[in-house]
Amino acid sequence: MQDYSGVFMASQSITKETAARRLVASSVKAILWDHDPIGVHVMVLACHALLREYGDAKGLKSKLDWRNYIRPEYRQEAFRDYIKRPYNFLKHAQRDPDEVLDIGNLPTQNDMMLLFNCIAHIEFFGKSFPHANLHLSRIQIEHPNFLKDGNYKDIILSLANEMSEYETRESRLKFWRDYYRVNKFEVHENA
């Protein structure tokens, strides 16, 4: 066997928790900097698979696990068509080399799947972290219709009204990028 020492970087080990946290952090940053939603999708779904399989192996269930909200007879179809289809399209071409994928909904799907990833990470590992908190805040403010009616939703709606000057996706992302920079989120990216 050939000796490849010196060719590759020194060994560095990480846990599943660290891998998931770094995937979430990288996904949040990629979304804020408006990176290609295709690359973001691969990252978000890789993290989702890691967290789902980790939870299954440890007997942990997330409150936001999509499997909890879809009737059993539709789970396989929903998983295949909504969650896995775009991801598999981007990973494989043996059976469908000429298939075309509509990616118009990928940014929204990435936001929602990353929301699930943030919640699952916090639940499974018992602690939050800045990138997860930032994404949770952004989703609540930009999509308050997802929240149940009540005092909390009223607070979020008032914050959303304060942000009404940010009408376009680009202006909202710029706001969140500025927030990211001012609060020095990059310090937490690979920790």
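Throughout, read-outs are computed from the coordinates displayed, never taken from laboratory work. Given the structure is predicted, the values throughout are model-derived calculations rather than measurements. So basically every Cβ, Gly included, is an ideal-geometry build from the backbone, and we count neighbours across all protein chains shown.
By other beta-carbon atoms within 10 Å, ranking ILE38, ILE119 with the fewest at the front produces ILE38, ILE119. Potential lengthening of the chain between ILE38 and SER171 amounts to 45.8 nm, from the contour at 0.36 nm per residue minus the alpha-carbon distance.
Here's the picture: charge each Lys and Arg Cβ at +1 and each Asp and Glu Cβ at -1 in segment 16-188, and of ILE155, PHE125, HIS92 the one pushed furthest to the positive end of that dipole is PHE125.
For the chain, the mean projected area of the C-alpha convex hull, equal to one quarter of the hull surface, is 15.3 nm². GNM remark for the chain: springs join alpha carbons under 10 Å apart, and the peak mean-square fluctuation among TYR54, TYR87, TYR152 falls on TYR152.
With a point put 7 Å past each Cα toward its Cβ, work out how far THR108 is from GLU162 in nm, to one decimal. Rounded to a tenth, the inter-label distance reads 2.7 nm. Among ALA160, ALA20, ALA120, the residue with the largest mean-square fluctuation in a Gaussian network model of the chain, with springs joining Cα atoms closer than 10 Å, is ALA160. By the rule of a C-alpha distance below 26 Å, with chain neighbours fewer than 8 residues away ignored, the lysines paired with LYS184 are LYS16, LYS29, LYS127, LYS174.
Would you please classify the overall shape of segment 89-179 from the alpha carbon gyration tensor, given that a ≥ b ≥ c denote the square roots of the eigenvalues, rounded means a/c under 1.5, and beyond that prolate means a/b larger than b/c while oblate covers the rest? Prolate shape, in that a/c is at least 1.5 and a/b is the bigger ratio.
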